[in-house]
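Down below is the structure, laid out as structure tokens.
The values are calculated or read from the model by the stated rules, or taken from the named source; none is laboratory data. Here the structure is a predicted model, which means the values were calculated and not measured. Ideal geometry is used to build each Cβ from the backbone, glycine not excepted, and the neighbour counts take in all protein chains shown.
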Number of protein chains: 2
Amino acid sequence: MAKASFNYPRPALAVDIVILCLRNGQLQVLLLKRKNEPFQDSWALPGGFVRVDAEGCGGEDLQVAAERRLCEETRLPPGSIYLEQLYTFGSPERDPRTRVVSVAYYALLPEGLADLAEVGERALEVGWFPLQQALNQPLAFDHLKMLQMTLRRLQGKLNYSPVALEFLPKYFTIAELRTIHQLILGEQLDPGNFRRKFLKWVEAGYLAVGEGTRTTGKKPAQTYQRGLKEWIY
Amino acid sequence: MAKASFNYPRPALAVDIVILCLRNGQLQVLLLKRKNEPFQDSWALPGGFVRVDAEGCGGEDLQVAAERRLCEETRLPPGSIYLEQLYTFGSPERDPRTRVVSVAYYALLPEGLADLAEVGERALEVGWFPLQQALNQPLAFDHLKMLQMTLRRLQGKLNYSPVALEFLPKYFTIAELRTIHQLILGEQLDPGNFRRKFLKWVEAGYLAVGEGTRTTGKKPAQTYQRGLKEWIY
DNA sequence: AGAATAGTGTCTATCAGACACTATGCA
DNA sequence: TGCATAGTGTCTGATAGACACTATTCT
């Protein structure tokens, strides 16, 4: 057993999470105001260190670490929220204190479940920011890059998957999904054309007809729900 | 300065690299036969630990670490090879010795540059394996997952980018690029239709007409090269 | 001359986008 | 009744795939 390799210095390992939610008709992102240096008083993404056992063995999975932090922050039960790995950031200068490598995740929260977030011990303040605003203000560390990358990733996914339903409750209408697509892409979409694309997903089994109708505008609309098939990336 | 956070146990951080190359008309991947436990005598992807300074600060960037290992293995100069982050694997059980989180990368090597690889100190043996064969044999750790993910990622990219030119020398023909697409996708492509897609990329500036022609089959064919525009993802 | 590949043309089904139109339920 | 939204139909241009065909050059 060559133990030698493991005596090398190790970096600290963190997860950071871009938590997006639909609030007041906007895409918003959860940010924390940092209590401590570095970047004290700056806004930052929620994150934390990955738990590793005392001897540097075992501990929790990365996805589990991200989910744990996500649920601490949102006060939501684990397992119910869409969470996906985004990218790993490891520049030696990204944290002035010590070497910290961070695995970034992004999470999509259904509308209405966002208001449970509370100020924890780590932060001075918790706030939901319109995504566009957050993208145009300084953030701690390389968190701005994480936001930018998340948006691009989502924009790409919309072409071939109905991921955006993760922002919606169990039953939703075509117009509701279209609205989210518009927010993410930053442009208006033709309702008729979007409808056809949507119905393709229904035919393919990714989406299914829901129960009853919902009135968001003038005329009640059919609701839909997840289909039997998972879209997987 | 709250140093407290950094006294928590840290995981070891590694990079693993899927190095693909075109050899003998096949897609091949570079594997090493492991000298030490765990998985002694098993085939594994090349990889290594990310360098971190003595006090656990600074050190090398992740991409740099991957490139360093890549160049050690292939004996090629840095900076010339396509290298992209794939995914980060962090299951607590992935390495039985200690907690090791691994950032996986994949690299695409131009044909003909593959033969410099030598057996280093770490390995018993170095070998190029046909990708399909490697995907159907047991590999150390979770390296099989890394291979599978790399293939899927590449297959996805071919739809909208000429990444596959990274497998080719500076000047190449349409048929050469098509051959690689066929290898990656595992299906035959219509030469005429592929040509039209190719010429779209030329029009878009991602590719450009090269100098002279090359004869791979019967009739000499026009060569092409990289265009001025980068395709970025 | 024959063979294999380079390169072109064409037909069709599908799809995205633009836009007009009908249907329905609420105020 | 008016109006905003749900939902349908239609036209057009772009695109992907299948496939036939011509052109070129090597042997």
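For the reader, a short list of remarks on this structure follows.
- Region A:77-105, residues that are part of a loop (DSSP other than H, G, I, E, B) and aliphatic (A, V, I, L, M): A:Ile81
- Test: A:Gly90 is within 14 Å of chain B (Cβ to nearest Cβ) and within 18 Å of A:Val101 (Cβ to Cβ): yes
- Members of region B:44-83 that are away from chain A (no Cβ under 13 Å) and in contact with a Phe, Trp or Tyr (Cβ under 6 Å, 6 or more places away or on another chain): B:Leu83
- Restricted to region B:171-187, and to residues there that are under 19 Å from the mean Cα position of the chain (by Cα) and either hydrophobic (A, V, I, L, M, F, W, C) or modelled with pLDDT under 95 (or both), the residue that is nearest to B:Arg214 (Cα to Cα) is B:Leu177.
Residues are listed down the side, and each one gets a yes or a no for (1) touching a Leu at 6+ places or on another chain (Cβ under 7 Å); (2) of a type in the set (Val, Ile, Thr); (3) farther than 23 Å from A:Pro9 by Cα:
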residue: A:Asp61; (1), (2), (3): no, no, no
residue: A:Val64; (1), (2), (3): no, yes, yes
residue: A:Arg69; (1), (2), (3): no, no, yes
residue: A:Leu76; (1), (2), (3): yes, no, yes
residue: A:Leu83; (1), (2), (3): yes, no, yes
residue: A:Leu86; (1), (2), (3): no, no, yes
residue: A:Pro92; (1), (2), (3): no, no, no
residue: A:Pro96; (1), (2), (3): no, no, no
residue: A:Val103; (1), (2), (3): yes, yes, no
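- Hits in region B:183-201 (condition: free of Cβ contacts under 8 Å to residues at least 24 places away in the same chain and aliphatic (A, V, I, L, M)): B:Leu189, B:Leu199
- Hey, B:Ala164 outside any loop (DSSP other than H, G, I, E, B), within 18 Å of B:Ile81 (Cα to Cα) and away from DNA strand C (no atom under 14 Å from the Cβ) or not: yes
Results for (1) away from chain A (no Cβ under 14 Å); (2) surrounded by fewer than 16 Cβ atoms within 10 Å (Cβ to Cβ), shown as yes or no for each residue.
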position: B:Gln85; (1), (2): no, no
position: B:Arg99; (1), (2): no, no
position: B:Ala104; (1), (2): no, no
position: B:Ala107; (1), (2): yes, no
position: B:Ala114; (1), (2): yes, no
position: B:Gln133; (1), (2): yes, yes
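- When B:Leu22, B:Leu124, B:Leu30, B:Leu108 are checked against the criterion of being in a strand (DSSP E or B), farther than 27 Å from B:Arg226 by Cβ and in contact (Cβ under 8 Å) with a residue 40 or more places away in the chain, a single residue qualifies: B:Leu124.
- Selection status of B:Leu124, over 24 Å from B:Ser42 (Cβ atoms) and touching a Lys or Arg at 6+ places or on another chain (Cβ under 6 Å): no
- A:Gln155 vs. criteria closer than 21 Å to A:Asp16 by Cα, within 13 Å of DNA strand C (Cβ to nearest atom) and surrounded by fewer than 16 Cβ atoms within 10 Å (Cβ to Cβ): yes
- In region A:180-233, the residues that are assigned to a loop (DSSP other than H, G, I, E, B), surrounded by 12 or more Cβ atoms within 10 Å (Cβ to Cβ) and within 9 Å of DNA strand C (Cβ to nearest atom): A:Leu189, A:Pro220
- Of the residues making up region A:127-161, those that are more than 29 Å from A:Ala204 (Cβ to Cβ), assigned to a helix (DSSP H, G or I) and of a type in the set (S, T, N, Q) number 3.
- Figure legend. Inter-residue proximity from region B:160-182: first residues away from DNA strand D (no atom under 16 Å from the Cβ), second residues β-branched (Val, Ile, Thr) and assigned to a helix (DSSP H, G or I), beta-carbon distance below 7 Å, spacing 6+ or different chains. Indicated pairs: B:Phe167/B:Ile180.
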